[in-house]
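The values are calculated or read from the model by the stated rules, or taken from the named source; none is laboratory data. A quick note: this is a predicted structure, and the numbers were derived from the prediction, not measured. Glycine also receives a Cβ, built like all others from the backbone with ideal geometry; neighbour counts cover every protein chain displayed.
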Amino acid sequence: MPERPKVLVVIGSDSDFPVIENSLNLFTEFDIDYSVTVCSAHRTPERAAELAKNAERNGFDVIIAAAGKAAHLPGVLAAYTVLPVIGIPIKSSTMDGLDSLLSIVQMPSGVPVATVAINGSDNAVLLAVQIMGGIYPELRNKMHEYKRKMAESVDNKDKLLQEKLKGKQS
Ligand code: RP5
């Protein structure tokens with residue numbers, strides 16, 4: 001078992017990078033090692049296969065793959081590895097990302113890809129954290145804390161809203 005959690009992030013094009021860029025901060029927040037690379041299932045198919053075949057040996061626990069249009073990248077990577085693959089459908093064409101979503105989510109039985117929402121890169125990282133929580137107990141603890149803070153922030157927003165409404169009623 002690797003000593004530290006490590007995630008491989010593969011994007012189908014450099015044009016996908018702005019969608020995932022901010023979510024990479026979550027890796028730092030959870031103290032997870034990661035690497036990001038551009039690789040296309042269609043334009044560089046051999047490299048895609050090699051990346052996926054070597055990912056386990058290279059110490060990665062999870063693969064996140066983002067792609068748009070006919071988004072075959074997550075499925076192709078999943079075909080070559082037993083690591084969990086999380087797919088991010090990118091909103092990149094005239095079909096508002098529905099093309100990417102269906103290309104990623106409709107995997108045949110036997111080769112799963114866990115698909116998040118269109119452009120749902122935060123949830124891709126959080127799902128990776130939750131998957132790795134089964135291997136690294138500290139990640140499970142950090143996820144409890146993350147959820148606690150999230151709930152606290154919603155409660156604070158509700159308090160502010162109630163104050164605002166009180167002002168309107170009086
Ligand atoms: C997909 O095609 C990529 O993932 C990207 O979302 C889309 C467009 O790629 P570029 O033409 O911008 O390189 O393979």
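Structure notes:
- Residues being surrounded by fewer than 24 Cβ atoms within 10 Å (Cβ to Cβ), at pLDDT 95 or above and within 16 Å of the ligand (Cβ to nearest atom) - total across the stretch 79-94: 1
- Condition met for Lys142 (over 16 Å from the mean Cα position of the chain (by Cα) and touching a residue at least 40 places away in the same chain (Cβ under 8 Å)): yes
- Of Val76, Val19, Val38, all but one fail to be aliphatic (A, V, I, L, M), in contact with a strand residue (DSSP E or B) (Cβ under 6 Å, 6 or more places away or on another chain) and more than 20 Å from Asp96 (Cα to Cα); the exception is Val38.
- Whichever residue in the stretch 59-76 is within 16 Å of the ligand (Cβ to nearest atom) and within 24 Å of Glu3 (Cβ to Cβ) and, among such residues, is surrounded by the most Cβ atoms within 10 Å (Cβ to Cβ): Ile64
- Given (1) within 21 Å of Phe17 (Cα to Cα); (2) surrounded by fewer than 23 Cβ atoms within 10 Å (Cβ to Cβ), number of the condition Ala48 does not satisfy: (2)
- Residue match in the stretch 127-141 (condition: within 15 Å of the ligand (Cβ to nearest atom), at negative phi and touching a helix residue (DSSP H, G or I) at 6+ places or on another chain (Cβ under 9 Å)): no
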